[in-house]
Structure formats: C-alpha cells, structure tokens
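Q: The structure follows.
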Protein chains: 4
Amino acid sequence: MKGFAMLGIGKTGWIEKKNPECGPLDAICRPIAVAPCTSDVHTVWEGAIGDRHDMILGHEAVGEVVEVGKLVKDFKVGDMVMVPAITPDWNSVEAQAGFQMHSGGMLAGWKFSNFKDGVFGDYFHVNDADGNLALLPEGMDPAAACMIADMVPTGFHGVELADVQFGDRVAVIGIGPVGLMAVAGAAIRGASHIYAVGSRPNCAQVAKEYGATDIINYRQGDIVEQILEKTKGKGVDRVVIAGGNVDTLAQAITMLKPGGKVGNINYLGEGDYIKIPRSEWGCGMGHKYIVGGLMPGGRLRMEKLASLVETHRLDPSKLITHAFEGFENMEKALMLMKDKPKDLIKPVVTIKW
Amino acid sequence: MKGFAMLGIGKTGWIEKKNPECGPLDAICRPIAVAPCTSDVHTVWEGAIGDRHDMILGHEAVGEVVEVGKLVKDFKVGDMVMVPAITPDWNSVEAQAGFQMHSGGMLAGWKFSNFKDGVFGDYFHVNDADGNLALLPEGMDPAAACMIADMVPTGFHGVELADVQFGDRVAVIGIGPVGLMAVAGAAIRGASHIYAVGSRPNCAQVAKEYGATDIINYRQGDIVEQILEKTKGKGVDRVVIAGGNVDTLAQAITMLKPGGKVGNINYLGEGDYIKIPRSEWGCGMGHKYIVGGLMPGGRLRMEKLASLVETHRLDPSKLITHAFEGFENMEKALMLMKDKPKDLIKPVVTIKW
Amino acid sequence: MKGFAMLGIGKTGWIEKKNPECGPLDAICRPIAVAPCTSDVHTVWEGAIGDRHDMILGHEAVGEVVEVGKLVKDFKVGDMVMVPAITPDWNSVEAQAGFQMHSGGMLAGWKFSNFKDGVFGDYFHVNDADGNLALLPEGMDPAAACMIADMVPTGFHGVELADVQFGDRVAVIGIGPVGLMAVAGAAIRGASHIYAVGSRPNCAQVAKEYGATDIINYRQGDIVEQILEKTKGKGVDRVVIAGGNVDTLAQAITMLKPGGKVGNINYLGEGDYIKIPRSEWGCGMGHKYIVGGLMPGGRLRMEKLASLVETHRLDPSKLITHAFEGFENMEKALMLMKDKPKDLIKPVVTIKW
Amino acid sequence: MKGFAMLGIGKTGWIEKKNPECGPLDAICRPIAVAPCTSDVHTVWEGAIGDRHDMILGHEAVGEVVEVGKLVKDFKVGDMVMVPAITPDWNSVEAQAGFQMHSGGMLAGWKFSNFKDGVFGDYFHVNDADGNLALLPEGMDPAAACMIADMVPTGFHGVELADVQFGDRVAVIGIGPVGLMAVAGAAIRGASHIYAVGSRPNCAQVAKEYGATDIINYRQGDIVEQILEKTKGKGVDRVVIAGGNVDTLAQAITMLKPGGKVGNINYLGEGDYIKIPRSEWGCGMGHKYIVGGLMPGGRLRMEKLASLVETHRLDPSKLITHAFEGFENMEKALMLMKDKPKDLIKPVVTIKW
C-alpha cells in the first residue's frame, strides 16, 4: 500500500509499505477524511518524538472498516467510523485507574504516527476496534467528524482539566484549532466571560462565534495586565492553555484567582523547565491547581462528543478553512499546517475510493 | 409598614407590621422586583411548612438597600441588589462543610417567608448583607434579575446535582419555571440530548428555546417507555427531577443507565415515602446515584449566575409571561401561581418607589 | 473435570463437566484457596439470579495459572494469582465511563457462577487475564488473599461510595464479613467514630478490632435512636449499608446529617421498593446522597488492596473463622454459610494439587 | 498586657501592649497551651511576610475564653477552646467558593502574627468566635490539642490535596512536624507504602510510628532514584511536599506516575520560580496534578480533627519533644525552633493562670 510518511527528521514523502495486519481484536480501515495536525509538523520538522524512518503520518481520521478481527463484536466491514487520535489499551492498569491515554506508559495511548503507522495511508490499523472506534452518526459530514478525532476532544479536555463551572471567568490562551475548541467547550460547559488570547483575525472571529466574550491580543500589551484589568484586578477562575511555550504557565498562574485551576493541553516540545512564579502561586499555598493532560481517546468519548454535534450544540466545521478532495492532496494539506498562512485554521482532506 | 401576608393556612391578605430591625451585619431593603413562587402557594394553601400567622410572603426579590448594619462592608444605602431566596449563616458548621443551605438545620438556610417575614412588604430584612447580597449588574433588568433569586439557582443546582458532563443525555422531568431553568442549565453545561417531560404547549415551546431536543408528553404514553425508545433502550445518563410527586423517582431510576445520576430539585410536600424500584436500581448495586437538594444561596452564587445573564449565555426573561407594575398587584400575581392558567410560566411584579 | 454446582434452585452437588476453554485473552486456573459467599447461598436457595442448572458455584478464589491465551502478556503458567469476583470487559463503554462492574449491562461484570461456571471446580476460566488477574504477592497467605476477591473490595467500596473523610462519624449497618471490611475500610480512610450495627458477639468483637468505636445492637433498641443519642441528636456524616433489607435505607436516611452520604453494598434480593422517608430526606431537598454499587473488580483494584495487606494496614485473616483443607470440603464450607452458626464469620477452603 | 513579639526583622522581645478589643462576633482568649512554629522563625529571621514592628508572635494555641461579643452564640466565658492558626471570614466570596483560607485575598485567612497580634500574649483576639473556635473535648490534653491548631490540619491537608486513595503508594518529602502529620494522615487515609523522606533519626523513628513503611534518607543518595528503585521504576501515586525548597517539586514530579498528584504544604519563602521538569511532566500532557495550599482553618475542621484524637486514630503528642510550663518559656521554645537541635520535633508551652 501507499502512504504519506516521515522519511526522517525534516523529510516527508510517499512510500510503499506492506498492508497492516489485523489482530483478533483489531480493525483495518481505509481513510475517508483525514486532517494533518500541528503534532505532525512537530514530529517531522522538530523531531519532537525522536527520529522515525518511513513512518506513515497522521492521527486524525474518519474511515471505512475493511477488515475486523475475529473477536470484534460491534463493528463490521463497510462501517463508517470515527477514529480517535488516542487509542488506549483498555485493560491496562493505567486505564483501570482512569488514565487510559497513558496505557502502557506516559502518553503511550498515542499510537498513530508514533509507535506505528498513522492514518495517511491506503489502510490503517486500529487496535481494539470495539474499544476505540465509534460509528459515524448517520448524516454527519466526515470532514466535520474528522475534527472529533483530536481537535474537539483535546480542546474540551482542557475545559475538563480546568474544571469550568457555571459562571466562571475563563481565559483560553491560544486560539488555534485546539484553543478554539477550548473556547467552544468552555461556553457549553457554563463559563460566562471567556477571554480568548490570540492575534490572528480569522481565529479571533471564529473564537467569538464559539463564545469568546473578549479577545486579548498579546500584540497590544501584556496579556496578564489586560485580563486583570478586565476582571478589576480579581483575575479569572480558570485558565486553559492551548498555545505558547514553557513560559506561558507563569502568565496563567498570575492571572488566576486563589482556588483557580489551570488546564494545559499544549504539547511543550522545548525547554527544560516550566516555571511557576513563587509569589503569585501563594508561596506554594495559594490553591492554584495545575494540570496538563493528553486527550482521553476511545470509543465512548467519540460517541459523546459526536452527540454534541448531532444536537447542534457544537459545529466543528467552522474550524475547516481549507478542504481538499483526493488522497494526493495530503502533502499540500500538511504543508499548510507547516507554513500556517494567515487564513488557515485547519485543513481537511476527504477521499473517495 | 405594609405587607402581603399569609394570615393562616388557606388565607392571605394585606397586613400592617412593624418595620424590620437591622442588626450589625444586616441590611434592610425595599423591593424593586418580586415574584411569587409555587412554594408560596404550598405554604399558604397546603400548609407545607406548618401553620404561620401574619407572615409576609415572598422570597424572590431584587431590592434597593435602605439601611445597613455597622459591620457591613460592601453594600451601602441606595445600592440596587439581588437577593437570594436562601440566605445562609455562613459561619455555621453546615456552611463550613459546604452545605450552607442547611445552616442551622436541614433546609434552615431558607429564612424568607419561613422563619421570618418575606419580601412582599414595604421593607424586608436580609441577614449577613455582605454574604448574601449581590449588586445588580448595571443595565440588568430587575424583573429578569428577579429570576436569579430562586428559579435559576434551583434549576441549575439540579444540573449540578445530576453532574451533567459533555455529551450526556439528560431527562428533565417537569418544565415549570424551575424545570425550564434545568433545561437551560443542562444545555449550557454540555448535555447533548435533553428530554424535557411536560405537557403544556407554551412551556414546551420555551423548553425548546432553552435547548430541549425532545419534548416528552406524559399524556401521550408512559414517559419511561418514550425515553427508552428514544435512547434505543439504553436510557439516559442523567435525570433532573423538577416536578411530579413521590412516585417520580421510580420513573427516573428506571430510565437511568447504571452509573447514572438523579438530581432532585422538586419540593415533595406529600407522602410518607419516596420509592426506589429495587430491581431497576440493580438490587442496590447499580451505581444509580440519587440526591436532592435545596439551592445553595448566598452572594457568590448570585454573582456567578448573573454573569451568565450579562454574557448572554442565559436569558431568564423568557420565563416571565405576566409582568405587573405596582406593589398592589402582588395578590393578583400570587393568585396566578395558585390558579396556573394555561399561558402562565412566571409572573413578576416591579415596583417604583 | 469435577465441580461443586448448583443443580437447580435449592439443590447442590458434585458434577462432571468439560474443561473450560481458553480464549486468546484468557487464562485457565486451578483453585488454591476458595471461599463460599452469602451470594452463593442466595443463588442456590433463594434463586436470586433465577434458575440455573449444573452451574459450578463460587466467585472467591486464589488460583494457579495452568493455561494462558496467546495475547496474554503479563501472566504465565505456574503464576499464583488473585482472582476478583468481578471480571469486567475493560473495553466496554461502561468501563470507559468508570463503571466496569456494569460492563455489558447492569451488574454484568459479575460473571463467575452467574453467566458462567464459578471457581469451585478443578479448573476455572478467567476472561481478560491481563486485565483481571493480579499476582499473589510473595509470602501472602492464599486464604487471607482469598478475602481480597470479594469481601475486602466490597466492604471498602461501601466506604468509597459513602465518601468517608477525615473525622467523619460513620455508621456501618451489618457486620458480617463485608460489613466488617467496611468497618476496617472506614477506619483506614479517616473515620473517627464508627458505629457498627450488629448483634453477634464474635462479629462485634472483630468489629472492634477493625476499628469500631461503638457496637449498636439492634436487639437493644431502635438503631436510629441509639445512634442519634450517641451523636447528641446530630446524626452521622456517613452510612455504609452492609446488611438488612429494603427497609434499612429508611433507617440510614434518618440517622444521617444533611449533606451526608449513604453507600449501599448489600445485595437486596427481595421486595419491590426501597423506601426513602420523605420528611427525613428533607422533602427531597436535604442533600442526603444515596448510592449503592457492586464492587469494582479487575487487576489494579486487587493489587491496590493487596498492598494494604502487605503493609499491614489491613489483616483480612481475622474474618476467617473456619479453615478447611481439601477440595472435598467445599460443600461443608458452603453449608456453613447457609446455616450461619454463631461462631461463623467466613469459611475458607485451601487446596493442594 | 504583655506579649512576646517580633520587634523588627531579626529581633524579638517582650513588649507591653493594649489589650485587644472584642467586636460583636469575636472572642478574647487567654493562652493555655501555645507552640512556636517554623513560620514564626521565618517571619522574624527571614522577614518572610515583610517587616513588622512590635507584633506579638504565635498562631498555635489552646485557650480559655475571657470575653465574647454580643452576637456570639456558642461560646461563653470560661470555655476551654481550640484555636486554629487560620481564622477565615466565613461570609467572604472566597469562603463561599470553598477557599476560606484565602478569604479577603490569597492567604489572608491567616491573621495571627500576620495582620494582627498572635497568641503569645496575655490575651489574644479571635475573629468570628462561632465560626473559628471549637470546644476542647473533655479530657483532652491541651498540649496535644495545640497540635491541632496547625501541625495536624496542615499535614492532613497535604494528604487531601494529594488525594490519597486506598492502596496508594505515597511519598512524603520532609518529616518535620508537618511532614510527620502528613505521614500519619496518609496512613489513616488508606495509603499502603509510605516513603518518608528525611534524615534526622528521631523524626525517622516517629515517622515509622505514624505509619511510614520506608525512610528515604537524602544523605544516602538521590531520593528520586531511591524511590524509583523501591517502586520497581513505576513511581508513586501521590507525593506530599512538606519540606525542601523551590527545587523539590521537580523531584516530586519525577517520582510520580502519570495520573499522580502532588500536594504541597511547604511555605516557599525564597526563589523566583518553582520548576516543573518538562519531559517528566509528559511535555505538559502527563496528567501529573500539582497543587499547594494553606490549611483550611475554622471550627468544623478543628472538631473533625479533634475527633480523630478522641477516638485514638491519631496521637499528635508524639510530636512534642520539649514541653515547658510557664509563659516565660515562650522565648526558649521559639529559640528551639530557630536552632533546631537534633532531638527537636516540636516544643509546647503550657500556661497556668
């Protein structure tokens, strides 16, 4: 089979590979809609997960089942399915503890284009089909559904980590596609004021459509000062970090009330340490909660999030600024993510077989 | 001063009373907008809280501060304020345990028209002004804000008790004003499908506007069967009970998945026992969580909920079907709650002094 | 192979059966220590789960692995293992939601001597060996470890459901082996006063050793009155129900503070309804939380609980009043559970092959 | 009146001051047992809270009520009372949000020897007597009870922040008096293995008595390596930080499993930043929860913790290595805390009037 792959750090290209094999619990799928992710860019051009050779890229997909293992009960050949970026080993002790994304080791629930080939091939392999696939709801656009693979669950998980409650003031730092989903998630989880931090006009526009009440442009001054001013010096109840770097947490802590919570969903690829400002953190005693986490993954999560799209609570298609048809456009779509033109939020490629 | 009072069980009328006295932590307010509640009806005509004589009714109000105690720090004469139906003693051990509505005893955070005169008088007394008042946000309509005294916090508390999560299927049983606020709360807390159980057409219409996806009319068949059919036999994740009687919980349990949660916010005035169906409750082992609770009350809660109105997440004014001007209409408004004409959801009386 | 079985309602005996087959994820074990449970008695003599024919009984065991499926990674032939009474399907949507004991349907995580043969045979089958077995810690007595199959996790789950916190006053109703483990669990979860409700002297003695501060004998008066007297009318913070019948919840609710929590771990085999007393439940508004649930099951749980035994936080061997050697004593042990002689808490049978 | 005071940074001495005044909600107490705290040392010799002049020191006390305000309901002159180090304003919005220790601002629930005179005077002032005092249980030793003012609640709060569950492996870094209480708290909250990090032999001995299973001596090698070795490379489930400096969190994160939690209760007086190691924190995605917080304070907390002493779950008197009689020994006791002789854990001064 053919696939679009990382050839080595900094290099991509089409390769030929043997078709994936289907274990008794697994499924093999053809991609119907796929999307490149900033993580793919980090993987290839920054070597974020180390060197990889001839590894097919991609972890966001809607697919069609072409083969299922003997023990698979709930899916059959021909099913149209949503596939989560994170596909846990559900019987691991980590999953039993509620942290399925770390099944088999920290972050090890992330398998596509990490420990095995990703979804940008003629075929891709899904471990534990019953546990990790979800039927594409009838009538749902595969391109929109493709956002449920990673963008929606990651953004929404930020909101869960930050534990947003009715009437909370929430800052969302970063309004790329994941940050925008954090804005949308905060709005439908009960936030009142949502301070969306970003500078790109089209992202700011979409952030407002998803429920941001204020856009905080870091080009127009320190974001902490801007947010403290808007909250009369009191700060916010919750912060979701969906962008920035190892210095962003310090800003989040500074704008946060005692008893507030920070949820980080930004992959931090560089730097030795993330810093907590001692004094603003109450000298270790301010009850400012900090956590960051990989999205949960798995079947139930996909089903739940898809139900929000079905009931029109959430329209993830607003993220899609560049829609391509045909597998051959995979490379073009990935390069968009790399080059980030001004009008880009998220590209998607749909495929007819 | 003058007030509209319960004279005894089944009897109401205008009475003259001495003005309330202001303790060092307290405030005295004039009512600016008030609303009668079904509880007032239960209090007077069903004797729900026992006999009371010459007790001024009402616990839903927006007011103007006319006097404050010496120790009050954050409010002053002339402030326009929201007043919660529940005004806890914040230093009680119950409040310290997180159950301020039960400060001083079960349900004893409810003081207006229960342990003391209510808000349907020329003046009313608020204990612990700093802890229990909240400034009316500039520009907010007092009539709409009056819904934040009881309807919004009660409905939203049902959603909190049921612990609604992203993508949950939620049944809301009862779509009077409190149930409608539970529908609205479920929608902005992340529910997907919301099954609103009721029969009155205007309530059903408003329920849809607040986010109900399905109206379940009990006149058209068993509600459990209807909901199980709509969920393909799987049942719902959460139930908020905002109406019915001591038999309603059995229906809620039956339509609920294992691991599901029921939040009751319906005051149950009659019957010896509420019944849990043994088999549907998994013979005591089905992890179907049950809790019912009085709304939290207090200042922070009002501020948080008001911020949802300010940011247009919630428009409680849709509840108001009958708006009166002038204190003298208090009786008419209360009688509407008693007689429940078809087109009624909630009456409000605004007062100019 | 041979096994001690339920022949039909009210009838037991030794039968011959085909050896169980081992699927790719499964293990086949020989029993090393087994214990009968009151559930076995309910199953046989009360028909609690319906009629069953020639079904081998038993769900509490420590075993030796004699065969493993091809996909099993962490266990091998010869391993000595603890086996939980509840062996979930970990990739089910119910397990993904945190309710693995209801995987595949309410209570359906319970498979031994329910949907398949139990552990009282020459061999028994364990589904998902990696997810459901745990190595017997070196040096741990198999008979004591056998208590970790059901007694410890069930009792401790009651404490978790009741959500015991530092300094809570806790009532444990019922001090059979499960109730005793609830007493022990409450003590090592931070309870202060533990009111253990029971009448049998040996159980009362062991309850004290496990941390009960007060024994409440229902033969000496109403248990609610006794507990209210001991708490100066304030009631308890938490109740664990580990005995009684459908009327016991009403007692629990009555002795509970507002904001308190009841955790039920008693299988209720009879009666149509469990009753909540309306008034004592605050007319539906007293924030008295009610939940009952089957023990979690699975590997991690066993490992965690075993670590409490290893570190001498818990000594489950105090439960064992009758220790037998030899498979042939299975029947005698079960009859003890049925006849409940005065000095019985729990019998165990150890087997040498 | 007379009091032992901070005269300025680095200077202490006896001063004369006007007696404190009693507001309507307050109480004035005489000290019966008091203890100096490391915080007092930081306050005086490190200027941790800035400069203060003629401020009476001390925040750990058991006292006798000598005056109560007019609105005080539950205490009267002559009552023997426990006094928490943290005395919140219970009607503040922070307390309403569950963070009473930050009432009026971050850490501002700490008033004694911070915003007002402390307890090392002839008399001391307690704000909100009903909310912040607790009766000394009959028969309880005032010296032991004095440990409930700060040592017990701080140590136990670390255990709550780290959210210890049944069978968790817990590291407690630092085994001064607060760390020892964290060890004790972890043991009675259900931890199995408790790795207590410290080097002083008498503290190590007491740590074992309180439930530590392993003493990790930092003088004998890197503590992370030692703990990883003891956990076969898997790390611990929970860490309580009760000592060290701004670099300690990095160690805690490194020894922690994904999904693990760190609770910090160590006041960090120096350094600009606390550092989270990026890679060990899963590049921001490892679900390693971090929080630090000041002890809760208030009446209910004291009552709950005292009930653990009453029921013999906890014996805080093991902390007391140096017991003095007579107010005049206050200085000697404080100097012990400053000089930390080898055999010191905690000094207490009892006073007869």
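Q: Would you confirm whether any residue within the range D:46-58 is surrounded by 24 or more Cβ atoms within 10 Å (Cβ to Cβ), of a type outside the set (A, V, I, L, M, F, W, C) and closer than 20 Å to D:N132 by Cα?
A: yes
Matching residues to (1) touching a Pro at 6+ places or on another chain (Cβ under 6 Å); (2) among the aliphatic types (A, V, I, L, M); (3) within 24 Å of B:K17 (Cα to Cα):
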{"residue": "B:K73", "(1), (2), (3)": "no, no, no"}
{"residue": "B:D89", "(1), (2), (3)": "no, no, no"}
{"residue": "B:S103", "(1), (2), (3)": "yes, no, no"}
{"residue": "B:N114", "(1), (2), (3)": "no, no, yes"}
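Q: Has the range C:312-333 got at least one residue that is within 21 Å of C:Y210 (Cβ to Cβ), more than 16 Å from the chain's Cα centre (by Cα), of a type in the set (S, T, N, Q) and at pLDDT 95 or above?
A: yes
Q: Which pairs turn up if I take residues in the range A:148-177 that are modelled with pLDDT of 95 or more and look for partners that are in a loop (DSSP other than H, G, I, E, B) and of a type in the set (S, T, Y) with beta carbon separation below 8 Å, at least 6 apart in sequence or on another chain?
A: A:G167/A:S192; A:D168/A:S192; A:R169/A:S192; A:R169/A:T231
Q: Can you spot a residue in the range A:207-215 that is surrounded by 22 or more Cβ atoms within 10 Å (Cβ to Cβ) and either in contact (Cβ under 8 Å) with a residue 60 or more places away in the chain or among the basic types (K, R) (or both)?
A: Scanning the range A:207-215 turns up at least one residue that is surrounded by 22 or more Cβ atoms within 10 Å (Cβ to Cβ) and either in contact (Cβ under 8 Å) with a residue 60 or more places away in the chain or among the basic types (K, R) (or both).
Q: Here are the criteria: (1) in contact with a His (Cβ under 9 Å, 6 or more places away or on another chain); (2) surrounded by fewer than 20 Cβ atoms within 10 Å (Cβ to Cβ); (3) of a type outside the set (V, I, T); (4) at pLDDT 95 or above. Tell me which single one D:P258 does not satisfy.
A: With (1) in contact with a His (Cβ under 9 Å, 6 or more places away or on another chain); (2) surrounded by fewer than 20 Cβ atoms within 10 Å (Cβ to Cβ); (3) of a type outside the set (V, I, T); (4) at pLDDT 95 or above applied to D:P258, the lone miss is (2).
Q: Is there a residue being in a helix (DSSP H, G or I), touching a helix residue (DSSP H, G or I) at 6+ places or on another chain (Cβ under 8 Å) and closer than 25 Å to B:V159 by Cα anywhere in the range A:185-194?
A: Yes, because at least one residue in the range A:185-194 is in a helix (DSSP H, G or I), touching a helix residue (DSSP H, G or I) at 6+ places or on another chain (Cβ under 8 Å) and closer than 25 Å to B:V159 by Cα.
Q: I need the full set of residues from the range B:342-353 which are under 20 Å from the mean Cα position of the chain (by Cα) and either among the aliphatic types (A, V, I, L, M) or closer than 20 Å to B:E46 by Cβ (or both), in order please.
A: The answer is B:L344, B:I345, B:K346, B:P347, B:V348, B:V349.
Q: Of these, A:A85, A:A97, A:A145, A:A129, which one is small (G, A, S), buried (at least 24 other Cβ atoms within 10 Å of the Cβ) and within 14 Å of chain C (Cβ to nearest Cβ)?
A: Answer to the check: A:A129.
Q: Look through B:G176, B:G139 and report the one residue that is surrounded by fewer than 24 Cβ atoms within 10 Å (Cβ to Cβ) and in contact with a Cys (Cβ under 9 Å, 6 or more places away or on another chain).
A: Only one candidate qualifies: B:G176.
Q: Which one of the conditions (1) touching a residue at least 60 places away in the same chain (Cβ under 8 Å); (2) of a type in the set (A, V, I, L, M); (3) more than 20 Å from C:W110 (Cβ to Cβ) does C:A5 fail to meet, given that it meets all the rest?
A: (3)
Q: Kindly evaluate C:G292 against the criterion of being under 20 Å from the mean Cα position of the chain (by Cα), surrounded by 18 or more Cβ atoms within 10 Å (Cβ to Cβ), more than 14 Å from chain D (Cβ to nearest Cβ) and part of a loop (DSSP other than H, G, I, E, B).
A: Taking the combined requirement at face value, the residue does not satisfy it.
To keep it simple, each residue is scored yes or no on (1) in a loop (DSSP other than H, G, I, E, B); (2) within 11 Å of another protein chain (Cβ to nearest Cβ); (3) in contact (Cβ under 8 Å) with a residue 12 or more places away in the chain; (4) crowded, with 23+ Cβ neighbours inside 10 Å.
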residue	(1), (2), (3), (4)
D:R219	no, no, yes, no
D:I227	no, no, yes, yes
D:K234	yes, yes, yes, no
D:V239	no, no, yes, yes
D:V262	no, yes, yes, yes
D:G269	yes, yes, yes, no
D:I276	no, yes, yes, yes
D:E280	yes, yes, yes, no
D:H312	yes, yes, no, no
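Q: Among the residues of the range B:241-260, write down those that are within 8 Å of chain C (Cβ to nearest Cβ) and in a loop (DSSP other than H, G, I, E, B).
A: Across the range B:241-260, the qualifying residue is only B:V246.
Q: Being among the aliphatic types (A, V, I, L, M), in contact (Cβ under 8 Å) with a residue 60 or more places away in the chain and farther than 27 Å from B:E331 by Cα narrows it down to one residue among B:M101, B:M80; which is it?
A: One residue alone meets the criteria, B:M101.
Q: Return only the number of the condition from (1) farther than 30 Å from C:A108 by Cα; (2) in a loop (DSSP other than H, G, I, E, B) that B:L336 does not satisfy.
A: (2)
Q: Does D:S307 fit the bill of being in a helix (DSSP H, G or I) and either without any contact (Cβ under 8 Å) to a residue 12 or more places away in the chain or not aliphatic (A, V, I, L, M) (or both)?
A: Yes.
Q: Is the range C:92-111 home to any residue that is at pLDDT 95 or above and more than 24 Å from B:G286 (Cα to Cα)?
A: no
Q: Another question about this same structure. Looking at (1) facing chain A (nearest Cβ under 10 Å); (2) among the hydrophobic types (A, V, I, L, M, F, W, C); (3) in a loop (DSSP other than H, G, I, E, B), which one does B:I175 not meet, given that it meets all the others?
A: The one condition B:I175 does not meet is (1).
Q: Let me ask something else about it. Filtering the range D:314-332 down to residues that are assigned to a helix (DSSP H, G or I) and not charged (D, E, K, R), which residue is nearest to the other protein chains (Cβ to nearest Cβ)?
A: D:P316
Q: What number goes with the only condition from (1) surrounded by fewer than 19 Cβ atoms within 10 Å (Cβ to Cβ); (2) among the aliphatic types (A, V, I, L, M); (3) within 14 Å of chain C (Cβ to nearest Cβ) that D:A191 does not pass?
A: Of the numbered conditions (1) surrounded by fewer than 19 Cβ atoms within 10 Å (Cβ to Cβ); (2) among the aliphatic types (A, V, I, L, M); (3) within 14 Å of chain C (Cβ to nearest Cβ), the odd one out for D:A191 is (1).
Q: For C:I32, indicate whether it is modelled with pLDDT under 95, in contact with a Ser or Thr (Cβ under 8 Å, 6 or more places away or on another chain) and of a type outside the set (S, T, N, Q).
A: When the stated conditions are applied, C:I32 does not pass them.
The values are calculated or read from the model by the stated rules, or taken from the named source; none is laboratory data. Small disclaimer: the values here were computed from a predicted structure and weren't measured. For neighbour counting, all protein chains shown are included, and Cβ atoms are generated from backbone atoms with ideal geometry for every residue, glycine included.
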